[in-house]
Number of protein chains: 2
Amino acid sequence: MNHIIRDTTVLTMNDRNEILERTDVVIENGIIAKIGPKAGETADNANIIDGSGKLVMPGLINCHCHVPMTLLRNYADDMDLQTWLFDHIFPVEDRLNEDDVYWGTLLGIMEMLSTGTTCFADMYYFMDSIASAVESSGIRAQLSRGQTCNEPGSDFSGNQAMKESEEFVRKWNGAADGRITAAMAPHAIYTCSPSYIQAIAEKAGKLGVPIHVHLDETVREHEDSLGTYGKTPAAHLYDLGLFDHKTIAAHCVCITVEDMALMKEKGVSVIHCPASNLKLASGIAPIPEAISAGLNVCIGTDGASSNNNLNMWEDMYLASIIHKGSKRDPKLITAAETLRMATVNGAKALGMSCVGSIREGNKADLIMVDLEKPHLKPMHNLCSALVYSAQGSDVCMTMVDGRILYQDGEFKTIDREKVDYHLEKVCKRLFE
Amino acid sequence: MNHIIRDTTVLTMNDRNEILERTDVVIENGIIAKIGPKAGETADNANIIDGSGKLVMPGLINCHCHVPMTLLRNYADDMDLQTWLFDHIFPVEDRLNEDDVYWGTLLGIMEMLSTGTTCFADMYYFMDSIASAVESSGIRAQLSRGQTCNEPGSDFSGNQAMKESEEFVRKWNGAADGRITAAMAPHAIYTCSPSYIQAIAEKAGKLGVPIHVHLDETVREHEDSLGTYGKTPAAHLYDLGLFDHKTIAAHCVCITVEDMALMKEKGVSVIHCPASNLKLASGIAPIPEAISAGLNVCIGTDGASSNNNLNMWEDMYLASIIHKGSKRDPKLITAAETLRMATVNGAKALGMSCVGSIREGNKADLIMVDLEKPHLKPMHNLCSALVYSAQGSDVCMTMVDGRILYQDGEFKTIDREKVDYHLEKVCKRLFE
């Protein structure tokens, strides 16, 4: 179906962060066909959407997530990382099956769509379940089977995760009309031996897919790396050749200025996950420094068990204010910069040049925000209002590939009652 | 009108943070008359509210605000404090009149009611306008005329702000069925001479009202105080006798352990304003230390020009995660502790023993939260869900003194279109 959004405001997120007023946006065959005042006056057979009092902007891109962990949302909080992970999270994850992962993913996708996320990068397991949920829900995603193996060796051809990863790439890369892309995901340097990381890098090269990795999330990871390898986690991955492949690196809490130079050289994108880093007490990533070093910085929520939601508006807000506060410099990371992290920078990180901004010819991955809320008035500055005042619930429409997936509280592709029904059954089995 | 909320979950915020399931809450004559399973089965002539899938909890108490500054929301951001204040905020504030303040206040009250705030403490000017808006909207507030005067002297009987302050106390303290209480407000140590602060303290004592003050908000205030008075801002106010009166102190970003002991001795409450402190780059207040020192800590949003909203859920979230992250200790400030700051601790700070918790005999200042949102599922832990996952928009009903002021997007006491109409006129005059 074609759509015309009439008489609206558009935050383009083009190179000049241009804002268009009183304009129409015409969407044809999943593409933003035309933008301009009265551009949508003559189109036939289109769904007309009144855009007055509303904003059209690019859909948000969540660059680091473990979506099925919605099942563990608020299951274990306010405790140290080791207790959290080993006593609470891992034991439940050991009991998960593909059915659990499917329903947990759909729940997470509902949350993401209702808060304006149109694309996410995920690393988990039972990836067929996640891909199926992405396919049926209509959202866009870069998916990867997280791999862990601390064995030494050179031949990992019999390694189960490696096999699953390769199968997943062959089956799903480019699927769902190109909405699903695949990546390889060495979990982290503390869960993967050097030779395993090299084997994954080699495989990624052969399959022609990018890399998604956790990098330097905690002081402990950083110090252990210095102790074991005599170098930082980033230098370790650089030397292993992982960064020779297009890479997104989540967290980067403890990266050094020297690491930034290595990452810049290889075009590694930094995924800032401020909510997770604060809540798990990992610390505050050196994001202003990373931006100064010329790195592409984007935003991720991480899983809902460490955030505890998948609401990009909250992470945008945090990304914009915590560096100001912790470094006592109010000019660090402006509202407009933050919006770029959550849109165009995310698209760049995931190699999706056709989304992340509102321009003719781009795929119609876009959202509408209701500007008529008391907390968005008066409207002195649109970018500030979106980052500092808005809530995720201000999103009133979410569209991917020109298809409306969420509008005014309703999910168009997901049966809410069915998800609730299965969720209850899943939780009974897992937790009772 | 009497109300019965049937078959609901209640977060009591009593001393044991008790949670009641499948219970009724009966509200009669503005008071929580009865709580218990089937307690509301036989009541006559009451408005029945279906509470299933919803939570009843105490209304949130915003202990530090300048509500009319909604007019300056997103007007000036991402700049240093001096430029922000002197080049942008003060020039507009100089042009404000009592009409502007009235409509700006109503806009702020709309935002507060829609996100579950039932009571706020405010410091501003044109206080009659603010009190009128509080009176007509039905919200509860402790109001004070902010006073500044850097003149020396001992007799401030001719001082305009002092006169207005006294008049305001005499006219409004206890007004609107007791929903309005008054306080005296020496703005800060850098805007008030020592003798002026002493005169305000003396007046507060005579009038029998408490104190609302900004305290040690920035490194500059702290260092200037050491330079000028040879002591910290808190020690300075202690020595001036201000703390001999019941005091709420906003910000406290730079208070020392010695300050905390002085404040504890006098029962001064600390108002944590994390969003404002981060966004204006003031820093991160030593809240875990203040709690350890036994101080009563509550939460404030500050004005919407430095936050940039009046959404207590965002400040609760920040209060709970920024200390974990900046001090790398995930056990600091649990979800339950945060909820106490925003409810019972706030009530204690403002001397309102009859609100802040859900118990029989208390005033019915309460809110309902819709638990059926995707981002609140599954429900493993109610306190965690409220602090780490919820949004302000999950509030579906706000009641003060037993009167519903907001429900499902509708304001019962405020004419939304009228506010919009006047707001447009006000902004035209102020900003064009």
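The values are calculated or read from the model by the stated rules, or taken from the named source; none is laboratory data. Keep in mind that this is a model prediction, so the values were computed, not measured. Cβ sites come from the backbone with ideal geometry, for glycine too, and all protein chains shown count toward neighbours.
Side notes on the structure shown:
Residues are listed down the side, and each one gets a yes or a no for (1) within 21 Å of A:Ile322 (Cβ to Cβ); (2) surrounded by fewer than 24 Cβ atoms within 10 Å (Cβ to Cβ); (3) charged (D, E, K, R):
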{"site": "B:Pro194", "(1), (2), (3)": "no, yes, no"}
{"site": "B:Lys203", "(1), (2), (3)": "no, yes, yes"}
{"site": "B:His251", "(1), (2), (3)": "yes, no, no"}
{"site": "B:Leu278", "(1), (2), (3)": "yes, no, no"}
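- For region B:337-364, filtering for residues that are buried (at least 20 other Cβ atoms within 10 Å of the Cβ), over 14 Å from B:Ile31 (Cα atoms) and small (Gly, Ala, Ser) leaves 4.
- Flag if B:Asp80 is free of Cβ contacts under 8 Å to residues at least 40 places away in the same chain and either more than 20 Å from B:Asp365 (Cα to Cα) or of a type in the set (A, V, I, L, M) (or both): no
- Taken over region B:159-192, the criterion of being of a type in the set (Val, Ile, Thr) and surrounded by 17 or more Cβ atoms within 10 Å (Cβ to Cβ) is satisfied by B:Val169, B:Ile180, B:Thr181, B:Ile189.
- Selection of first residues in region A:407-432 that are under 19 Å from A:Ile367 (Cβ atoms) and modelled with pLDDT of 95 or more and of second residues that are crowded, with 18+ Cβ neighbours inside 10 Å and of a type outside the set (A, V, I, L, M, F, W, C), restricted to Cβ pairs under 7 Å at least 6 apart or on distinct chains, gives the following pairs, ordered by first then second residue: A:Lys412/A:Tyr406; A:Thr413/A:Ser137; A:Thr413/A:Gly138; A:Ile414/A:Ser137.
- Matching residues in region A:94-126 - criterion: being more than 18 Å from A:Cys427 (Cα to Cα) and more than 16 Å from the chain's Cα centre (by Cα): A:Tyr125
- Residue in region A:373-394 that is under 18 Å from the mean Cα position of the chain (by Cα) and farther than 28 Å from B:Ile284 by Cβ present: no
- Failed criterion for A:Lys266 (all others in (1) within 14 Å of chain B (Cβ to nearest Cβ); (2) more than 20 Å from A:Asp78 (Cα to Cα); (3) touching a helix residue (DSSP H, G or I) at 6+ places or on another chain (Cβ under 7 Å) hold): (1)
- Flag for B:Gly294 being free of Cβ contacts under 8 Å to residues at least 24 places away in the same chain and farther than 20 Å from B:Ile109 by Cα: no
- Residue in region B:35-45 that is nearest to B:Asp401 (Cα to Cα), counting only those that are in contact with a strand residue (DSSP E or B) (Cβ under 8 Å, 6 or more places away or on another chain) and surrounded by fewer than 17 Cβ atoms within 10 Å (Cβ to Cβ): B:Asn45
- In region A:365-381, residue nearest to the other protein chains (Cβ to nearest Cβ) [restricted to those that are buried (at least 22 other Cβ atoms within 10 Å of the Cβ) and closer than 15 Å to A:Leu11 by Cβ]: A:Leu376
- Tabulated pairs, region A:1-28, first acidic (Asp, Glu), second outside any strand (DSSP E or B), C-beta under 7 angstrom, 6+ apart or interchain: A:Asp7/A:Gly51; A:Asp7/A:Ser52; A:Glu18/A:Thr12; A:Asp24/A:Pro37; A:Asp24/A:Lys38; A:Asp24/A:Ala39; A:Asp24/A:Gly40
- Within region B:105-128, no residue that is more than 14 Å from chain A (Cβ to nearest Cβ) and at positive phi sits with its Cβ atom under 8 Å from a residue that is surrounded by fewer than 24 Cβ atoms within 10 Å (Cβ to Cβ) and assigned to a strand (DSSP E or B) at 6+ positions apart or across chains.
- Residue in region B:226-234 that is surrounded by 17 or more Cβ atoms within 10 Å (Cβ to Cβ), more than 20 Å from the chain's Cα centre (by Cα) and assigned to a helix (DSSP H, G or I) present: yes
- Within region B:303-318, being of a type outside the set (Asp, Glu) and within 14 Å of B:Leu60 (Cα to Cα) holds for B:Leu310, B:Asn311, B:Met312, B:Trp313, B:Met316, B:Tyr317.
- Yes/no for A:Ala250 being in the same structural domain as A:Gly300 (by TED's automatic domain parsing) and either in contact with a His (Cβ under 8 Å, 6 or more places away or on another chain) or modelled with pLDDT under 95 (or both): yes
- Any hit, region B:132-145, residues being free of Cβ contacts under 8 Å to residues at least 40 places away in the same chain and of a type outside the set (A, V, I, L, M, F, W, C): yes
- Search result, residues across region A:40-68 that are within 27 Å of A:Lys373 (Cβ to Cβ) and of a type in the set (Gly, Ala, Ser): A:Gly40, A:Gly51, A:Ser52, A:Gly53, A:Gly59
- Comparison of A:Phe126, A:Phe120 shows that the only residue that is at pLDDT 95 or above and either more than 30 Å from A:Ala390 (Cα to Cα) or surrounded by fewer than 19 Cβ atoms within 10 Å (Cβ to Cβ) (or both) is A:Phe126.
- Enumeration of residues in region B:51-89 that are more than 13 Å from chain A (Cβ to nearest Cβ) and more than 20 Å from B:Val134 (Cα to Cα): B:Gly51, B:Ser52, B:Lys54, B:Leu55, B:Val56, B:Met57, B:Phe86, B:Asp87
- Across region B:402-432, the number of residues qualifying as of a type outside the set (Phe, Trp, Tyr), in contact with a strand residue (DSSP E or B) (Cβ under 6 Å, 6 or more places away or on another chain) and more than 19 Å from B:Pro68 (Cα to Cα) comes to 5.
- Residue that is nearest to the other protein chains (Cβ to nearest Cβ), among those in region A:271-281 that are closer than 16 Å to A:His64 by Cα and part of a loop (DSSP other than H, G, I, E, B): A:Leu280
- The C-beta contact set for region B:168-194 (first residue under 18 Å from B:Tyr124 (Cβ atoms), second residue among the hydrophobic types (A, V, I, L, M, F, W, C) and in a loop (DSSP other than H, G, I, E, B), distance under 6 angstrom, 6+ apart or interchain) comprises B:Val169/B:Val209; B:Ala182/B:Val209; B:Ala183/B:Val209; B:Met184/B:Val209.
- Flag for B:Ile48 being buried (at least 23 other Cβ atoms within 10 Å of the Cβ) and either more than 14 Å from chain A (Cβ to nearest Cβ) or within 30 Å of B:Arg22 (Cα to Cα) (or both): no
- Per-region count, region B:291-329, residues within 9 Å of another protein chain (Cβ to nearest Cβ), surrounded by fewer than 24 Cβ atoms within 10 Å (Cβ to Cβ) and not in a helix (DSSP H, G or I): 2
- Given (1) among the polar types (S, T, N, Q); (2) farther than 24 Å from B:Val209 by Cβ; (3) in contact (Cβ under 8 Å) with a residue 24 or more places away in the chain; (4) buried (at least 23 other Cβ atoms within 10 Å of the Cβ), number of the condition B:Thr334 does not satisfy: (4)
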